[in-house]
Amino acid sequence: MRDTTPRRLEQSPLPDFCSLPVLFALLVMAALTVTVMLLAPDSGRGWRGYSVGMLFAEWMAMVIGVALCKLRPALQRLPGRLPYAAVWLLMLLIVAISSMIAAWMDNALQMQMLRDGAFVFVRDNATIAALLSAAMLRYFYVLAQWQARLAAVAHAQVEALQARIRPHFLFNSMNTVAALVRVDPDAAERTVEDLSELFRAALGQSISRDGTLGEELSLVERYLAIEQLRLGERLRVRRELDALPLDFPLPRLLLQPLVENAVRHGVQPLREGGEVILRGERLDQAIAIEIDNPLPDMPAPGGNGHGLDNVRQRVAYRYGPRAQVQAGPRDGRFVVRLLLPEPTDARPDR
């Protein structure tokens, strides 16, 4: 399927007016405007006028925020940059109507807050709103473009990281088949069949899109079945994964390289073999997964840490700063621990 992410990024999406940062920005802008008007030379408004002006400005900011929050889905469907123009006109219209209502109430209640008349009050408020809303929307537009470019760069980086998995996984698997052909042709044939299913599961869909934890564990089991044929009783696997939610979203081929490292660098160098332990637990709004393998006295040749670095970068991109990937010796064994929070945001590669 053709990737339409760049096209979506060019549509200049509106900011989320329902989010607290955007609402806070509207309130702060309104408060700063009234404060600057009070501090202006010869303003003559006094604290009474400042208090009423602050109440009026904050009320308008809240009305604008609620209106834009509710109308954002409809405005977003407009082509090109028209959503920003529509937002600007809507903000100007709300300020003008609110100013006319305030002028009418001032006249009806004989409050005498408007010294220059209703027309001047509405005109000045509309002019200020036009200038400030244009500046604010320009800021949001530039911010959206910057975030879109940042997301595109991050998407390209993740694609490059994930592209390294395909040849690495393929070459190692074919080496396993080559080793079995001479020793056990029947096992080699079964391994080719398993590999076909493994490649279909791993590479049949876009690797840049999320799978589930259940799918990844199934992939790991197919890989372990192949290695079990090659290593026999030297490879022992203990699974403690019942507590994990199988529908947890997970990038494809995230765990398999770690399990592969555990087998090739932890079990294979030992003459007597060893046990690989797969642990998992569900925490508060997160899951923890551990891959535990023996730690040989002499490191296996060919290890350069690229697989672990790849996992670290993919986890950081997919799950954000709350995610953790810890790796190192523990009680004479080597343990890789992944702490993955439940994803709450949508990434471009999802």
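The values are calculated or read from the model by the stated rules, or taken from the named source; none is laboratory data. Keep in mind that this is a model prediction, so the values were computed, not measured. SASA here: full protein model, heavy atoms, side chains in, ligands and nucleic acids out. Shrake-Rupley method; radii C 1.70, N 1.55, O 1.52, S 1.80 Å.
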Solvent-accessible surface (1.4 angstrom probe) belonging to Met54, in square angstrom, nearest 10
40
Which ³J(HN,Hα) values in Hz, rounded to whole numbers, follow from the phi angles of the range 228-239 under the Karplus curve 6.51 cos²θ - 1.76 cosθ + 1.60, where θ = phi - 60° and Gly and Pro get x?
5, 5, 7, 9, x, 5, 5, 9, 10, 10, 10, 10
Per residue, how much accessible area does the range 210-324 show when a 1.4 Å probe rolls over the protein heavy atoms, in square angstrom?
46
Can you pull the percent of the range 85-146's accessible area that's carbon plus sulfur, 1.4 Å probe, other chains left in place?
71
At 0.36 nm per residue, and after removing the present C-alpha to C-alpha distance, how many nm does the segment from Leu93 to Arg236 gain when stretched out fully?
44.3 nm
Solvent-accessible area of Leu195, probe 1.4 Å, all protein chains present, reported in Å² to the nearest ten, please.
10
